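The values are calculated or read from the model by the stated rules, or taken from the named source; none is laboratory data. This one's a predicted model, so the numbers in the text were calculated from it and none came from an experiment. Cβ placement follows ideal geometry from the backbone for every residue including glycine, while neighbour counts extend to all protein chains displayed. SASA here: full protein model, heavy atoms, side chains in, ligands and nucleic acids out. Shrake-Rupley method; radii C 1.70, N 1.55, O 1.52, S 1.80 Å.
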Amino acid sequence: VDTDLAWASDPALLVIDECHHALTPSYTGALRWLNPGVEAAGREPPIIGLSATPFRGRNEDESAQLARRFDGRLIPSNQAALFGRLQEMGVLARFEYDRLEIDTGFSFTAEEQWKIDRFGKVPDTALERLGEIGERNDMIVEAICSAPEKSALVFATSVAHGRRLAAQLNLRGVRAAAVSGETDRNSRRWFIAGFRRGDIRVLCNHSALTTGFDAPATDLIVIARPVFSPALYMQMAGRGLRGPANGGKQHCRILTVQDNLDQYTDRLAHHYFEQHYVMPG
């Protein structure tokens, strides 16, 4: 044991943030290191896991393993009423689920189909091609331009797609910018600051703002890319759910672009969530 960290090896309490990652070997090793005296002392320190997505996608076995790591205890026990309770408290915004159905027809290559079946995600090559469909982009831009909301965060299919949408929006007179994992830190900070102030109405992003991003005034989330992972979908939607008691706003709309992806359409994550949302009439 590193003598500089010996003081931390016998904690009174462990708190794990983003605990849906707690099954990884690094976490397992860390937990073993943090509990060297458990058997001798006859006790285990309390462990609290924090996560908005306390499951492992659609993998039932891994989700069960994750639950066992926390003794199968979920707080609060009445999860079905949790959303309503947090909304009444103002911690979560009231939200509605909306959809933009696009039937432009999109086919995967044989290699892309193999990758989807093997890895459970849409390959980058397919996402890039999807973001190049002009009719699809026009429909997304029109939906944003006609939206009554003041602050929109868009999840694009690729870096180029985010830039393309931002350019089209600016041409339509809507102040927009694009950020991604490729955007240098200073530029990204500048665009995000402008978005938070309201100088930028629409922020199009890819691989940058899925987690750890805070813009309380965001009242429209546009998920403009196909997502198979329920956890990833929830993380995207969660960027707009901060309520007034938490520095946010009263209402947020989650607009999901629903593509016709042939035999894979039913596997998209929005099907997993539609049962939890109020669909507009």
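Restricted to the range 229-256, and to residues that are over 26 Å from residue 118 (Cα atoms) and in a loop (DSSP other than H, G, I, E, B), which residue is most open to solvent (accessible area, probe 1.4 Å)?
250
For residues in the range 145-187 being in contact with a Phe, Trp or Tyr (Cβ under 9 Å, 6 or more places away or on another chain) and among the aliphatic types (A, V, I, L, M), which is nearest to residue 250 (Cα to Cα)?
153
Contact list please: Cβ distance under 9 Å, first residue in the range 140-157 and buried (at least 24 other Cβ atoms within 10 Å of the Cβ), second residue in a loop (DSSP other than H, G, I, E, B) and of a type in the set (Ser, Thr, Tyr), pairs at least six apart or on different chains.
Going by the 9 Å Cβ cut-off, the qualifying pairs are 152/218; 155/210.
Pick from the range 141-165 the residues that are among the small types (Gly, Ala, Ser) and touching a Leu at 6+ places or on another chain (Cβ under 8 Å): which of them is nearest to residue 226 (Cα to Cα)?
The extreme case among them is 156.
Output the residue which, of all residues in the range 205-228 that are modelled with pLDDT under 85 and over 20 Å from residue 181 (Cα atoms), is most open to solvent (accessible area, probe 1.4 Å).
Restricting to residues being modelled with pLDDT under 85 and over 20 Å from residue 181 (Cα atoms), the top hit is 217.
Being open to solvent by 40 Å² or more (accessible area, probe 1.4 Å), over 20 Å from residue 249 (Cα atoms) and either among the small types (Gly, Ala, Ser) or within 21 Å of the chain's Cα centre (by Cα) (or both) is the filter here, so list the residues in the range 188-204 that pass it.
188, 189, 191
Which number in (1) modelled with pLDDT of 90 or more; (2) loosely packed, with under 14 Cβ neighbours inside 10 Å; (3) touching a strand residue (DSSP E or B) at 6+ places or on another chain (Cβ under 9 Å) marks the one condition that residue 165 misses?
(2)
Tell me which residues, restricted to the range 113-131, are surrounded by 14 or more Cβ atoms within 10 Å (Cβ to Cβ) and over 23 Å from the mean Cα position of the chain (by Cα).
If the condition is that a residue be surrounded by 14 or more Cβ atoms within 10 Å (Cβ to Cβ) and over 23 Å from the mean Cα position of the chain (by Cα), then 113 is the only one that fits.
Select from the range 75-112 the residues that are free of Cβ contacts under 8 Å to residues at least 24 places away in the same chain and within 30 Å of residue 158 (Cβ to Cβ) and list them in ascending order.
Answer for the range 75-112, where residues must be free of Cβ contacts under 8 Å to residues at least 24 places away in the same chain and within 30 Å of residue 158 (Cβ to Cβ): 109, 110, 111, 112.
Among the helices (runs of 4 or more DSSP H) contained in the range 3-78, which hold 1 or more residues that are at pLDDT 70 or above?
25-34, 60-69
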